[in-house]
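Structure, as structure tokens:
Read the figures in this text as sums done on the coordinates, not as results from a lab. These figures come from a predicted structure and were not determined experimentally. Cβ coordinates were reconstructed from backbone atoms using ideal geometry, including for glycine residues, and neighbour counts include every protein chain displayed.
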Amino acid sequence: MPAHDLDLLRDAALAAGEIAKKFFRADPEIWDKGDNQGPVTEADLLIDKMLHHDLLAARPDYGWLSEETEDNTDRLNHERVFIIDPIDGTRAFINGEQSFSHSLAIAEKGKIIAAVVHLPIREQTYAASIDAGATCNGAPIVPSAASSITGAKILTTKPNLQAKHWSGAVPNLERHFRPSLAFRLCLVADGRFDGMLTLRDTWEWDVAAGDLIVSEAGGRVSDRQNQSPRYNNATPMLDGMIAAPKPVHAEIMRALMLP
């Protein structure tokens, strides 16, 4: 990884947060993207524009993948690619909730090598780089010591606990929810929750940064097939995501009904 890529992402995420704070609880203009893609605000678009300009100005040889930029195949020709969600949890942002985040990552040959998730209202910045551990506001983080799915605090939606998804009885876990997938992953990485799972097809930009943060903290991350996710795919979508301390992850995978 080129020197200072993590610093580059961190500085960009903090700049994104300054833009977001100007529009937070200030009635930003909102549009519906259509095709069940959800809303987008003027803050999302301004942040995307800023990140696109500043990050590619610093790394012109990197590709670009962002939720708010029209995709093209050019990124597939780059060894390294920015994977960006300008605001993860846009609905939460619109509703004045503090749990939205900015999710920034760099993939190299399909693997995330640097990542930052920044929650500007909470003043929390999670970061990781390959083989260097994970931090929150500069302090090292590790997953919880949970060793069983029974009673574990798991971040997920109610539909994921329908019987059809499980090979036997639905696990006796304690369900919790946060609107930002990136934030859910970070909460697992720093041990505040014992796991997260989403069984729907998942956009890369929602989880790329959080994936590395969990992995570098010491947790296990996989898709529904128990495979380590690969990024910068032609269709930038993954087959769900499961993240947890390693013993809990293993139990979840044994209990899930494979698609």
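Using Cβ contacts closer than 10 Å as the measure, can you line up ILE121, ILE94 from fewest to most? Don't jump to the answer; show the numbers that get you there.
Values: ILE121 17, ILE94 21.
In increasing order of surrounding Cβ atoms, one gets ILE121, ILE94.
Below 8 Å, C-alpha to C-alpha, sequence gap of six or more: please give me the relative contact order for the chain in percent. It would help to have the intermediate numbers written out before the result.
Numbers: 597 pairs, mean separation 46.4, N = 259.
18 percent.
Segment PHE177..TRP31, full-extension length gain: 50.1 nm, with 0.36 nm per residue of separation and the alpha-carbon distance subtracted. When the Cα positions of LEU197, CYS186, ALA163 are compared along the charge dipole of region 153-255, ALA163 comes out farthest toward the positive end, with charges on each C-beta of Lys, Arg, Asp and Glu. For region 164-203 and region 121-145, what is the separation of their C-alpha centers, rounded to whole Å? When both Cα centres are located, 19 Å separates them. Filter the cross-link list LYS33/LYS158; LYS21/LYS246; LYS49/LYS164; LYS111/LYS246; LYS49/LYS111 down to pairs whose alpha-carbon distance in this structure exceeds 31 Å. Beyond 31 Å between Cα atoms: LYS21/LYS246; LYS49/LYS164. Between the Cα long axis of helix 246-255 and the first principal axis of the chain there is an angle of about 70°, rounded to the nearest 10.
A dipole drawn for region 5-140 from +1 and -1 charges on Cβ atoms has a positive end, and of GLY34, SER129, SER103 the residue lying farthest that way is SER129.
Residues HIS165, HIS4, HIS102, HIS249 in ascending order of nearby Cβ atoms (within 10 Å, fewest first): HIS4, HIS165, HIS249, HIS102.
Taking the Cα centre of the chain as origin and charging only Cβ (+1 Lys, Arg; -1 Asp, Glu), how large is the dipole, in debye to the nearest 20? Before the final figure, lay out each step's value.
Numbers: 26 positive and 36 negative charges, 227 e Å.
Computed charge dipole of the chain: roughly 1080 debye.
I want to make sure I understand the PRE zone here: with the label point 7 angstrom from the Cα of GLU42 toward its beta carbon, which residues in region 64-81 have backbone N atoms less than 13 Å away? Under cut-off, by backbone N: nothing.
Work out, step by step, the length gained on full extension between HIS53 and LEU14: first 0.36 nm times the residue separation, then minus their alpha carbon distance; give nm to one decimal. Write down the numbers at each step before the final one.
Details: separation 39, 0.36 × 39 = 14.04 nm, distance 1.51 nm.
Length gained between HIS53 and LEU14: 12.5 nm.
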